[in-house]
Amino acid sequence: MTSVPRDAHEWFSFDDDERERTWLFDVTFLESNWQCIFGHGCQGVLTGPSPELVQGCCSYGAHFTDEQDRRRVERAAKRLTEDQWQFRSRGRDGTTRVKRNGEIVTRLVKGACIFLNRPDFHRGPGCALHVMALDNDESYIPLKPDVCWQVPLRREDEVLDDGHVITRISQWDRRHWGAGGEEFHWWCTEAPEAFSGRTRVIDSMREELVTMVGQDVYDTLLHYLNQRARRPTTTRLAHPVLRRR
């Protein structure tokens, strides 16, 4: 009997004629029980374990997808109060910078993103923009950089020669960070301790997925996964991290 490849994932795809697009979803990750464990076992993305810093994946700042993404976050930053943001005084001089290679990122303060409140802050560690969203009972998605609210989900759009688009929704792996990703001591989609949630990613990250693909596409995906789960003969492929246990 042929064994399942070590890193195999199952995928679900369907055509969207209205948008001239094919959607392709990594259902192995979406059906997994991955959850963010920031502050609860996350070792960070430095070259060695650093859970005591509680920096998560914020150590190098956030990369913006485009100028619109940058402007949106800068507008949100102006709403932050001193109670919500540890480095608000530093933010008056700007919250973003342009790297030598032209990439736009958030500024770093004391070795991490300027928006990251540290353990010694009276509101505790975590993203100041997220704190504001919780205080105001609003979604954090319009406030945070795209990469910050999407990770560990990743959207890739491939435009074919005829204009048709293939959109992939998958997990964000360390290779997606470029050469620097290989230097991470730890990354959450490779860590068994992060696969400890009580619900599937398709459920726990519903708001993020709807924002990324639209309500109708999400509903189609959810219906397929729910129907698939009800079939007595269906055997799901466990996530590679769990198969390696």
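Just so it is clear, none of the values below were taken in a lab; they were calculated from the coordinates. What you see is a predicted model, and the numbers here were worked out from it, not measured in a lab. Positions of Cβ are backbone-derived with ideal geometry, glycine not excepted, and every protein chain shown enters the neighbour counts.
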Report Rg/Rh for the chain, rounded to two decimals, where Rg is the Cα radius of gyration and Rh the Kirkwood radius. 0.98
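So what is the calculated 222 nm ellipticity per residue for the chain, using -39500 (n - 2.57) for each DSSP H run with n of 4 or more, over all residues, to the nearest 500 deg cm²/dmol?
Values: 9 runs with 65 residues, N = 245.
Calculated mean residue ellipticity at 222 nm is -7000 deg cm²/dmol.
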Inter-label distance for R198 and D162, nm, one decimal - labels placed 7 Å from Cα along Cα-to-Cβ: 4.8
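Please give me, ordered by residue number, the GluC sites (Glu not before Pro) of the stretch 137-245 that lie in loop per DSSP and have at most 15 other Cβ atoms within 10 Å. Before the final figure, lay out the partial values.
On the way: sites: E138, E156, E158, E182, E183, E190, E193, E207, E208; in loops: E138.
Here the sparse-neighbourhood loop sites are E138.
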Among A191, P145, I202, whose Cα projects farthest towards the positive end of the dipole of the chain, with charges put on the beta-carbon of Lys, Arg (+1) and Asp, Glu (-1)? A191
Hey, how many Å between the Cα centroid of the stretch 140-184 and the Cα centroid of the stretch 42-120? 19
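I need the GluC sites (Glu not before Pro) found in the stretch 26-133, filtered to DSSP loop residues with at most 14 other beta carbons within 10 Å of theirs.
Taking the stretch 26-133 and a limit of 14 other Cβ atoms within 10 Å, the loop GluC sites (Glu not before Pro) found are E82, E103.
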Given charges of +1 on the Cβ of Lys and Arg and -1 on the Cβ of Asp and Glu, with all other atoms neutral, how large is the dipole of the stretch 58-143 about its Cα centre, in debye to the nearest 20? 420
Can you compute the modelled spin-label distance between E18 and R75, with each label point 7 Å from Cα toward Cβ, in nm? 2.6
Distance in nm between pseudo-label sites at L242 and D93 (7 Å out along the Cβ direction from Cα): 4.8
Computed about the Cα centre, the charge dipole of the stretch 134-245 from +1 Lys/Arg and -1 Asp/Glu charges at the Cβ has a magnitude in debye, to the nearest 20, of 960
